[in-house]
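Q: Pasting a structure here, questions to come.
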Amino acid sequence: MGDQLNAWLLFDPGSPGCPDAEIVTRRSDGTLERSTYAEVGLRTQRLMHGLDDLQLDRSRPVGTLAWNGARHLEAYLAVPCTGRVLHTLNVRLSPEELAFILQDADDQAILVDTDFLPLLAQVRDIVGDLPPVIVLDDAVPDSDLPGLLSYEDLLSRQPDAYDRLDIAETAPMGLCYTSGTTGRPKGVVSTHRSTFLHALAVTSAAGMSIGPRDSVLPQVPMFHAGAWGMPYAAAMVGAKQVFFGGALDAKAFVDLLVEERVTVTAGVPTVWLTVADELSRRDPCLRDLRHIVCGGSQPPAALIMRFREEFGIELVQAWGMTETSPLASVAWPQERMRDWSSQEIVEAASSQAGLPLPGVRIGIRDAEGHAVPRDGATMGDLWVRGPWVVDGYLHGVGDDAFTDDGWFRTGDVAIGSASGYFVIADRTKDLIKSGGEWISSVDLEAAIMKMDAVAEAAVIAVPDPRWLERPLACVVLRAGHRVPTEEFRRHLEGLGFASWQLPDRFELLDEIPKTSVGKFDKKVLRAQFVPAG
């Protein structure tokens, strides 16, 4: 029957396919560390022995609380190759949220970057005793946390080779919690098989097109949704991996893209808005960068056009969720569009949620579960299924989102086209029903962000005594710009919006609040602008 599709096929540390390919980490303090797959392979096996020496139960979660980097990659590989479950903890969560997740997952150890020891100390104050804490650094710093273990000391005592385990491909491999936009975060468990197949799809031309010739930099965090599968995909094919640890610094980030000759990168739209402004201050510099994969929320069409026209870089939208491991579709242009203009391609393809990856099935259904026409206009609930789409949550909480015949009801509202693309019209909870008619907040946001003066825009529903709900737009302007309310209205009317669809209010903000994974946090906006009660 051949090999089980497990973590040992993602990257065999005993015989890496590209042993001399580099792993480069820019740490949060700005220092640069270099290693190779051969070196990481040895360290990974030492970590496997170290986890065994700590007598951690197999099949139970081991947490990581860390930036992107080579040591985090070693944990990505070592933890599941010993049969344990890799649980990536989101460093941007509050101590209360982390405390809930740690207890819900029952982590038996935590590998933590030094930067997050103060956060972990706050969590300890809530939960009491913590499991063993291993510090991912050269030495253990002074801390309020007792009994810290040194990662490097742990590895230094271990042998270089670890006997390959026969792990069933259906065994749990990874655990990641949803971002909790509605209610408590829910645990999403991926299997060895689903993770392998997802990584294989990411390497494909229908996914992110990653191969041995590439230098890959995931700006998406390894602490959430597996950095969209990029570390595993790159390891699988022996691509060079480049990691930017710490909070985004646009200048340092672009420097790293240039110096390490990055060919493929990925992140959320807010990252690329900042990077575009940095690139505009430089001569053309990203000659090696083939494409950017952008997800998390819909990028403004103006941003896609800017990268195409000003910088000569293809920025392509992707869609997925924690429950889809996460990549489910990428909006690559089709062959028939080869001779189209950039504007035509962006309108027809690049600003769509995408084309489903091979093996992923998309359904757009009405309230009774019947398929709606894929006519480019009819909205419906988005359902998805596939080999790396999960079939339930940890502990069964929220399992009513899954059907008996294998479909996951995403909570998104989508529109399908006859050409195979689909676009996310909105989250179900973010649609605005005004006077019995639906208004898409996503459409309004995209339209407002087409204005040169606008950096970001988020639209929410506010109560209205006559129409029940009306749209309110929260807008961040670029530095030095002023836009009267009537100019917003004229702009939207010029794009074909009817008067009843226009926001009644435009609130100018310094910034749009973001969730822990970089999406607009509309819960915060509703708390600010929707009256209580």
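The values are calculated or read from the model by the stated rules, or taken from the named source; none is laboratory data. The model shown is predicted, which means the values in this text are computed figures rather than measured ones. As a convention, Cβ positions derive from the backbone with ideal geometry for all residues, glycine included, and neighbour counts pool all protein chains shown.
Q: Within the range 486-497, how many residues turn out to be in a helix (DSSP H, G or I) and buried (at least 17 other Cβ atoms within 10 Å of the Cβ)? Break it down into steps so the answer makes sense when it comes.
A: To start, the set of residues in the range 486-497 that are in a helix (DSSP H, G or I) comprises 486-494.
Going one step further and asking which of them are buried (at least 17 other Cβ atoms within 10 Å of the Cβ), we end up with 488, 491-492.
Total satisfying the criteria: 3.
Q: Now for a different question. Could you tell me whether Glu22 is of a type outside the set (Phe, Trp, Tyr), more than 24 Å from the chain's Cα centre (by Cα) and either modelled with pLDDT of 95 or more or on the phi < 0 side of the Ramachandran plot (or both)? Spell out the reasoning first.
A: Details: of a type outside the set (Phe, Trp, Tyr): yes; more than 24 Å from the chain's Cα centre (by Cα): no; either modelled with pLDDT of 95 or more or on the phi < 0 side of the Ramachandran plot (or both): yes.
So Glu22 does not fit the description; no.
Q: Follow-up. Out of the range 498-532, which residues are modelled with pLDDT of 90 or more and in a loop (DSSP other than H, G, I, E, B)?
A: Correct list: Leu502, Pro503, Asp504, Leu509, Asp510, Glu511, Ile512, Pro513.
Q: Only one residue in Val389, Val413 is in contact (Cβ under 8 Å) with a residue 40 or more places away in the chain and closer than 21 Å to Ala353 by Cβ. Which one? Before you say what the answer is, go through the steps one by one.
A: Working: Val413 fails: in contact (Cβ under 8 Å) with a residue 40 or more places away in the chain.
Answer to the check: Val389.
Q: Just one of Val79, Val91 is in a loop (DSSP other than H, G, I, E, B) and under 24 Å from the mean Cα position of the chain (by Cα); which is it? Spell out the reasoning first.
A: Values: Val79 fails: in a loop (DSSP other than H, G, I, E, B).
None of the others qualify; the one that does is Val91.
Q: Being out of contact with any Leu (no Cβ under 6 Å at 6 or more places or on another chain) and either at pLDDT 95 or above or among the aromatic types (Phe, Trp, Tyr) (or both) is the requirement here; does Ala233 meet it? First the steps, then the outcome.
A: Numbers: out of contact with any Leu (no Cβ under 6 Å at 6 or more places or on another chain): yes; either at pLDDT 95 or above or among the aromatic types (Phe, Trp, Tyr) (or both): yes.
When the stated conditions are applied, Ala233 passes them.
Q: If you don't mind, another one. Which of the residues spanning the range 83-106 are crowded, with 23+ Cβ neighbours inside 10 Å and among the charged types (D, E, K, R)?
A: Arg84
Q: From the list Thr170, Thr182, which residue is within 30 Å of the chain's Cα centre (by Cα), among the polar types (S, T, N, Q), more than 26 Å from His291 (Cβ to Cβ) and at pLDDT below 95? Reasoning before the result, please.
A: Numbers: Thr170 fails: at pLDDT below 95.
That would be Thr182, the only listed residue that is within 30 Å of the chain's Cα centre (by Cα), among the polar types (S, T, N, Q), more than 26 Å from His291 (Cβ to Cβ) and at pLDDT below 95.
Q: Return yes or no: is Leu32 surrounded by fewer than 22 Cβ atoms within 10 Å (Cβ to Cβ) and within 21 Å of Leu217 (Cβ to Cβ)? Working first, answer last.
A: On the way: surrounded by fewer than 22 Cβ atoms within 10 Å (Cβ to Cβ): yes; within 21 Å of Leu217 (Cβ to Cβ): yes.
So Leu32 passes the test.
Q: Would you point out the residue of the range 98-115, among those that are in contact (Cβ under 8 Å) with a residue 60 or more places away in the chain and in contact with a Gly (Cβ under 7 Å, 6 or more places away or on another chain), that is nearest to Val140 (Cα to Cα)? Spell out how you get there, then give the answer.
A: Applying the first criterion (in contact (Cβ under 8 Å) with a residue 60 or more places away in the chain) to the range 98-115 yields 100-101, 104-105, 113, 115.
Retained after the next criterion (residues that are in contact with a Gly (Cβ under 7 Å, 6 or more places away or on another chain)): 104-105.
Details: Asp104: 28, Ala105: 26 Å.
Looking at residues that are in contact (Cβ under 8 Å) with a residue 60 or more places away in the chain and in contact with a Gly (Cβ under 7 Å, 6 or more places away or on another chain), I get Ala105.
Q: Tell me, which residue of the range 10-57 that is in a helix (DSSP H, G or I) and of a type in the set (Val, Ile, Thr) is farthest from Asp153 (Cα to Cα)? It would help to see each step written out before you state the result.
A: First pass over the range 10-57, keeping only residues in a helix (DSSP H, G or I): 10, 37-53.
Now drop any that are not of a type in the set (Val, Ile, Thr), which leaves 40, 44.
On the way: Val40: 16, Thr44: 14 Å.
The qualifying residue farthest from Asp153 (Cα to Cα) is Val40.
Q: Within the bounds of the range 286-293, is there any residue that is at pLDDT below 95, buried (at least 24 other Cβ atoms within 10 Å of the Cβ) and touching a strand residue (DSSP E or B) at 6+ places or on another chain (Cβ under 7 Å)?
A: Looking for residues that are at pLDDT below 95, buried (at least 24 other Cβ atoms within 10 Å of the Cβ) and touching a strand residue (DSSP E or B) at 6+ places or on another chain (Cβ under 7 Å), one finds none in the range 286-293, hence no.
Q: Assigned to a loop (DSSP other than H, G, I, E, B) and within 18 Å of the chain's Cα centre (by Cα) - does that describe any residue in the range 340-352?
A: First, the residues of the range 340-352 that are assigned to a loop (DSSP other than H, G, I, E, B): 340-341, 351-352.
Filter once more, so that each one left must be within 18 Å of the chain's Cα centre (by Cα): 351-352.
Yes, some residue in the range 340-352 is assigned to a loop (DSSP other than H, G, I, E, B) and within 18 Å of the chain's Cα centre (by Cα).
Q: Ok, one more. Taking the options Ala225, Ala206, name whichever one is under 30 Å from Gly386 (Cβ atoms), assigned by TED's automatic domain parsing to the domain that holds Ala105 and surrounded by fewer than 24 Cβ atoms within 10 Å (Cβ to Cβ).
A: On the way: Ala225 fails: surrounded by fewer than 24 Cβ atoms within 10 Å (Cβ to Cβ).
After ruling out the rest, the residue left standing is Ala206.
Q: Show me the strands (runs of 3 or more DSSP E) entirely contained within the range 388-485 in which 1 or more residues are closer than 20 Å to Pro373 by Cα. Can you show your working first?
A: Details: elements: 408-416, 422-427, 432-434, 437-439, 454-464, 468-477.
Here the list reads 408-416, 422-427, 437-439.
Q: Could you pull out the residue among Phe311, Phe307 that is farther than 29 Å from Thr403 by Cβ, aromatic (Phe, Trp, Tyr) and surrounded by fewer than 21 Cβ atoms within 10 Å (Cβ to Cβ)? Give the steps one after another, and end with the answer.
A: Numbers: Phe307 fails: surrounded by fewer than 21 Cβ atoms within 10 Å (Cβ to Cβ).
Just a single option satisfies the conditions, and that option is Phe311.
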